[in-house]
Amino acid sequence: IFSKNVAEDVINIVRSKFTIDNITIKDSFSDGIDIDFSNGSILNSKFYNIGNDSIDLSGSIVELSHINSFSSGDKAVSIGEGSTVYAKGIDISNSRIGFAIKDSSYLELLESTVRDSEIGFTVFQKKQEFGPAKLSVNNLNCNENKIIIQEGSQLENDWKKNGAKIFDE
C-alpha cells in the first residue's frame, strides 16, 4: 500500500521488464504509476484519490487486468507514444477521463466498466511525430455520454447495439 505520496509519480518504471501485482495507491498528489518504454503487467491493483493519472503509459507494451480506479483527477488510464495495451476487468469511476489513447497507441479493452466520469474515452493524435490512435472494445459497461474520437483515429466496438453516443472532434 502506497498512501499520501507527494512525489510526481508514486511509482516510475523506465526501460524495464516488470510485474506489479496486488498493490493499492491512494491519496497521491500526482500520477499513481508512470511506465516509460517498458514491458510488463499491472494486475489486481487499486487506485483511490489520485491527483493526476492513475496509470500513465508511454512507449510501452502492458497487460492490465482487474484494476480499480476511483477518483482520478485527470485520466484513470493514459496510453501514449506508441504503447500497446491489452486490458480486461478494468473498473473506473469518478475520473475526469476514463481512458485516453493517443499518439500511435492501441488499446484492446474487454469486460470493463467506466462510469461517473466527465469523458469516457478520448482517442486522438497529440504529438506531430506520432500517428492516430486505435481503440478496440468489447463487452463494456459505460454510462458516459461523451466518447471523443479524433478524425483519423479508430474505434472498433460493440457499443452501437448498446446505444452509446460517439462524438467526433
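One table, with the values for the structure above:
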quantity: Residue-level accessible surface for residue 111, protein heavy atoms, 1.4 Å, Å²; calculated: 100 Å²
quantity: Percent of beta bridges antiparallel (DSSP, the chain, rounded to nearest 5); calculated: 0 percent
quantity: Proximal aspartates and glutamates to residue 17, defined as alpha-carbon separation beneath 17 angstrom and excluding residues fewer than eight positions away on the same chain; calculated: 34, 36, 56, 63
quantity: Heavy-atom accessible area per residue - the chain, 1.4 Å, Å²; calculated: 47 Å²
quantity: ³J(HN,Hα), Karplus 6.51/-1.76/1.60, whole Hz, each residue of the stretch 3-19, x for Gly, Pro; calculated: 9, 6, 7, 10, 6, 4, 10, 5, 10, 10, 10, 10, 6, 9, 9, 8, 9
quantity: Among 135, 57, 110, residue whose mean-square fluctuation peaks in a GNM of the chain (springs only between Cα atoms under 10 Å); calculated: 110
quantity: Prolate/oblate/rounded label for the stretch 1-131 (Cα gyration tensor, a/c 1.5); calculated: rounded
quantity: C-alpha center-to-center spacing [the stretch 112-145, the stretch 43-79] in angstrom; calculated: 13 Å
quantity: Among 98, 89, 120, residue whose mean-square fluctuation peaks in a GNM of the chain (springs only between Cα atoms under 10 Å); calculated: 89
quantity: Global form of the stretch 101-157, assessed from the alpha-carbon gyration tensor, a/c cut-off 1.5; calculated: prolate
quantity: Accessible area, probe 1.4 Å, largest first, for residues 75, 4, 26; calculated: 4, 26, 75
quantity: Accessible area of the chain belonging to carbon and sulfur atoms, whole % at 1.4 Å probe; calculated: 44 percent
quantity: Candidate residues 36, 53: accessible-area rank, largest first, probe 1.4 Å; calculated: 36, 53
quantity: Residue-span extension gain [residue 130 to residue 65] - 0.36 nm each, minus C-alpha spacing; calculated: 20.7 nm
quantity: Added length on full extension, which subtracts the Cα-Cα distance from 0.36 nm per residue, residue 16 to residue 110; calculated: 31.3 nm
quantity: The chain: relative contact order as a whole-number percent, Cα under 8 Å and 6+ apart; calculated: 13 percent
quantity: Distant-in-sequence amide H partners of residue 73 (H built 1.01 Å from N, under 5 Å); calculated: 50, 51, 52
quantity: Selected from 77, 14, 62 as most flexible by GNM, with the chain as the system and alpha-carbon contacts under 10 Å; calculated: 14
quantity: Stretch gain in nm, segment residue 96-residue 138, where the contour uses 0.36 nm per residue and the Cα spacing is subtracted; calculated: 12.9 nm
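The values are calculated or read from the model by the stated rules, or taken from the named source; none is laboratory data. A quick note: this is a predicted structure, and the numbers were derived from the prediction, not measured. The area values use the complete protein model at the heavy-atom level, side chains included, leaving out ligands, DNA and RNA. Shrake-Rupley method; radii C 1.70, N 1.55, O 1.52, S 1.80 Å.
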